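J.: My questions will all concern the structure given below.
The values are calculated or read from the model by the stated rules, or taken from the named source; none is laboratory data. The structure displayed is predicted, hence computed values, not measured ones. Positions of Cβ are generated from backbone atoms using ideal geometry, with glycine treated the same way; all protein chains shown enter the neighbour counts. In case anyone asks, the SASA skips ligands and DNA or RNA and just uses the protein heavy atoms, side chains included. Shrake-Rupley method; radii C 1.70, N 1.55, O 1.52, S 1.80 Å.
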Amino acid sequence: MREKIKNNIFLVVSVLLCLFILAEVNYPRLAPQSELALFAMLGLIVVFLRYPIHSHFGEACKPKLAVKSADNRFFQILDFLLIGSVILCFGYVLSQTEPVFQAFWLDGKSLGDRAGAELLLDYIVGGIGLILILEATRRSIGMTLPLLSLAFLLYASFGQFMPDWLFPHRGYSIQRIVSQTFLHSQGAFGIALRVMFTYVFLFVLFGTLLERTGATDYVLNLARRVFGAGAGAPAKVAVLGSGMMGSLSGSAVANTATTGTFTIPLMRRSGFRPEIAGGIEAAASSGGALMPPIMGAAAYMMLEIVEPTVTYLEIIRAALLPAILYYTGMLCIVHFLAKSSRHVHSPEEASNDTQTEKRGKLLTVQGCIFLAAFITLIGFLLMGATAFRAVSWSLLVVGAISLLDFLFRKIRKQHVPTETRFGVSDLRKGVDFIVSPCERAAQSGVSLIAAAACVGIILGVVTLTGIGSKLPSALLPLASTNLVLALFFLMISTIILGMGLPSSVCYLLMAILVGPVLLDLGVVPLAAHFFIFYFGMMSMVTPPVALAAYAAAAIAGSGIMVTAFAAFRFALVGFALPYAFVLRPALLWLHGDGNTPELWAVFGTFSLTLVGTVIFAAAIAGYVFNKLSLWMRGILFIAALILFFAPTDMPFVWIHGVVVLASIAIFYYNRTDAAPTAGGV
């Protein structure tokens, strides 16, 4: 009974959360801190409803672990107590900030006007609020981020006792820390939560609504039609389908779990080994968050962080060519691997599977919804609309087309009189069409809400203690004369931090803490932020903590680590591209001075990098027309790096020409009629 009550509350709060964001973002009525307090309150309520205090106490695990009903009752009561505490704490911030509640303001002043002279009740509410945020984050994404936040809170409190290498400071009282991190707008209710509220959650809702209308089926069918029964066709379907679906979800793990359910068994049936099938899906899904126009949450954070300010359309334009290069590299690797193995079905062997797939017609209504949503989104962005307004119109268009499709299908059944009546079942379908995307968006998005509030605690401490300026000043001398060394340090830091954090959270922390180092070294600001963004995503397929590969391994039934290393291998081109577009900003449609480069410069740079990507893929796969020897792979690898990183002006143009000719010579020399290798892919 209590579980049913929790489910009903979850549905109601999920719908309220989505409707509140849609209304408040487009037609704001609340003060900035008030809307974020209500946003966080609804998000944390969902966290405590859906994430148990420990995974062992979740309902899904009850049959296996035989959790006693008394224990379940205790923890369910605890969850409701925490929900009540969330309502009280965040509702307190709302009531003490919003002018409509002025009659309840303590001392006749708003919470903002009491800055520096807060009351005891303010500090008590703030302390409890911090604990609730840490616990919600622990439940939803794990221990890493809460422990990191606690470390920063301890640093703020005991800074005077820190050694010189840990950037000591004078230390702050608990009251000052609580005020900075919770009660005002530089902590939990700061930029991280603002980005989640303004941009990210709407795009999460957009993705879930498209999925609800059948976008997954449409994308996979489209990919199957594109590749037909060619070599490695199922793996190419996984690459293209995951890239397109990743643009909808923006989450590597969610993308793997969604499309991998279809593509991994398809690859296994065509002859790919389980760990290879899982690795391909994980690498393709991780790149999905780099694919315009939706991308991952970090793309929207750039709108608030990058200086000078950039537009969403500029971010999409900058992401386009690197995304094409990433997926071109993956498709080439998959093609070469499929050609190298006789255990992967040839077109003739796969014909039965292909014919079966072709019997299903491409769903025209789903295709119209899919295309209309993207055309609307891009169209409004081109007309100068903000990102949240454009996605709001796209949501409206998707809903309208889906409603018209429903009415049309009812009209077509006029020969069956009972089918033309709009009864209870039709009403339930309509309600489910609204509730289901809201439910899934809440399930997917609340972990980011908790994480954003938790990151806000860290950023509040960074602002309070000044470590944000001290850390870059310490790192800058280490790499002041070597840009590549600075990029390498930043890559390692981002990947390590990304092992335990969502990629958007990882990007935000690194952009605030270490990003200024690259700016001081003369890197174009947007290129510096894209560098951090890329490696935040690549952490999803970097062993030993490769979360996207873990999800793929569970579906493929393969070993976790072998799948993680396979995913790392397929995503290697994604580790080279960030260096390429920092050294050659033209790949991001940028000039060294931040302006737009000439078209010929963009085309020339892209062409060189594209050739390098194909050569790089051949070196990784170890096959072109036949198996490549070790020395050939080494030469091709060096050639690809030259094409990636060497300058494009004279005399390097001659070097590029020689490298391309040498690579063509190796391909031609290796072109024999020998049979493919016997090992399966």
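J.: Kindly identify segment 141-190 as rounded, prolate or oblate by the Cα gyration tensor criterion: order the square roots of the eigenvalues as a ≥ b ≥ c, call it rounded if a/c is under 1.5, otherwise compare a/b with b/c, prolate if a/b is larger, else oblate.
T.: Here segment 141-190 falls in the oblate category.
J.: How far is it, in nm, from the label point at Ser607 to the one at Phe80 when both lie 7 Å from their Cα along the line to the Cβ?
T.: A separation of 7.0 nm, rounded to one decimal place.
J.: In addition: Once the Cβ-Cβ distance between Phe406 and Ile638 is put in as r, and R0 is 60 Å, what FRET efficiency do you end up with, to the nearest 0.05? Don't skip to the answer; put the middle values down first.
T.: On the way: r = 58 Å, r/R0 = 0.97.
Approximately 0.55, to the nearest 0.05.
J.: Same structure, new question: What's the ranking of 546-552, 319-325 by average number of surrounding C-beta atoms within 10 Å, highest first? Each step should come with its number before you reach the end.
T.: Numbers: 546-552: 29.1, 319-325: 21.3.
Those peptides, ordered most packed to least, come out 546-552, 319-325.
J.: Still on this structure: I need the calculated FRET efficiency for the pair Ala103 and Trp393, taking r as the beta carbon distance and R₀ as 45 Å, to the nearest 0.05. Write down the numbers at each step before the final one.
T.: Details: r = 39 Å, r/R0 = 0.86.
After rounding, the FRET efficiency stands at 0.70.
J.: Gain in length, Leu16 to Val484, computed as 0.36 nm per residue apart minus the alpha-carbon separation, to one decimal in nm?
T.: Working: separation 468, 0.36 × 468 = 168.48 nm, distance 4.82 nm.
This chain segment gains 163.7 nm when fully extended.
J.: Also, quick follow-up: Leaving out ligands and nucleic acids, and using a 1.4 Å probe, what accessible area per residue does segment 553-624 come to in Å²?
T.: On the way: 2610 Å² over 72 residues.
Result: 36 Å² of accessible area for each residue.
J.: Quick one: 3J(HN,Hα) in Hz for segment 636-648, Karplus 6.51/-1.76/1.60 with θ = phi - 60°, rounded, Gly and Pro as x.
T.: Each residue's phi maps through the Karplus curve to give 5, 5, 5, 4, 5, 5, 4, 5, 6, 10, 5, x, 9 Hz.
J.: Take each of the peptides 127-140, 147-160, average the number of other beta-carbon atoms within 10 Å over its residues, and list them starting from the highest. Walk me through the intermediate numbers first.
T.: Numbers: 127-140: 22.5, 147-160: 17.2.
Put in order of decreasing packing, that is 127-140, 147-160.
J.: Stretch Trp631-Ala662 to full length: gain in nm at 0.36 nm per residue minus the Cα-Cα span?
T.: On the way: separation 31, 0.36 × 31 = 11.16 nm, distance 1.32 nm.
Separation in residues times 0.36 nm, less the Cα-Cα distance, equals 9.8 nm.
J.: Could I have the simple spin-label model distance between Ile375 and Tyr669, label points 7 Å from Cα toward Cβ, reported in nm to one decimal?
T.: 5.2 nm
J.: Along Cα→Cβ, 7 Å out, is where each label goes; now give me the distance between the ones at Lys470 and Phe575 in nm to one decimal.
T.: Simple spin-label model gives 3.3 nm for this pair.
J.: Applying a 10 Å radius around every beta-carbon, put 100-111, 572-583 in order of their mean neighbour count, most first.
T.: Details: 100-111: 13.5, 572-583: 22.1.
Result, highest mean Cβ count within 10 Å first: 572-583, 100-111.
J.: Starting from the exponent 0.38 and prefactor 2.2 Å, build the expected Rg for segment 567-675 from its residue count and divide its actual Cα Rg by it.
T.: Working: Rg = 15.0 Å, N = 109, 2.2 N^0.38 = 13.1 Å.
Compared with the compact-globule rule of thumb, segment 567-675 sits at 1.15.
J.: Around Val446, under 12 Å between beta carbons, what's the net of Lys plus Arg minus Asp minus Glu among the other residues?
T.: Details: positive: Arg50, Arg139, Arg440; negative: Glu439.
Once positives and negatives cancel, what remains is +2.
J.: Once phi is turned into ³J(HN,Hα) by the Karplus curve 6.51 cos²θ - 1.76 cosθ + 1.60 with θ = phi - 60°, what whole-Hz value does each residue of segment 126-133 show in order, with x for glycine and proline?
T.: x, x, 5, x, 4, 4, 5, 5
J.: I've got another one for you. Residue by residue, what Karplus-based ³J(HN,Hα) values in Hz, rounded to whole numbers, does segment 178-192 have, using 6.51, -1.76 and 1.60 with θ = phi - 60° and x for Gly and Pro?
T.: Values, residue by residue: 4, 4, 6, 8, 10, 6, 10, 8, 9, x, 4, 9, x, 5, 5 Hz.
J.: Here is a follow-up. At 0.36 nm per residue, minus the direct Cα-Cα distance, what do Thr144 and Val653 gain on full extension? Give it in nm, one decimal, please.
T.: Values: separation 509, 0.36 × 509 = 183.24 nm, distance 4.71 nm.
Residue separation times 0.36 nm, minus the Cα-Cα distance, leaves 178.5 nm.
J.: Related question: What do you get for Rg/Rh of segment 97-137 when both radii come from the Cα atoms and Rh is the Kirkwood radius? Please list the in-between numbers first.
T.: Numbers: Rg = 12.0 Å, Rh = 11.4 Å.
Ratio of gyration radius to Kirkwood radius: 1.06.
J.: Now a separate question. Please compute one quarter of the surface area of the Cα convex hull for segment 260-330 and express it in square nanometres.
T.: 5.5 nm²
J.: Once you compute Rg and the Kirkwood Rh from C-alpha atoms, what is the Rg to Rh ratio for segment 546-629? Please report the intermediate quantities before stating the final value.
T.: Numbers: Rg = 17.2 Å, Rh = 15.2 Å.
Answer for segment 546-629: 1.13.
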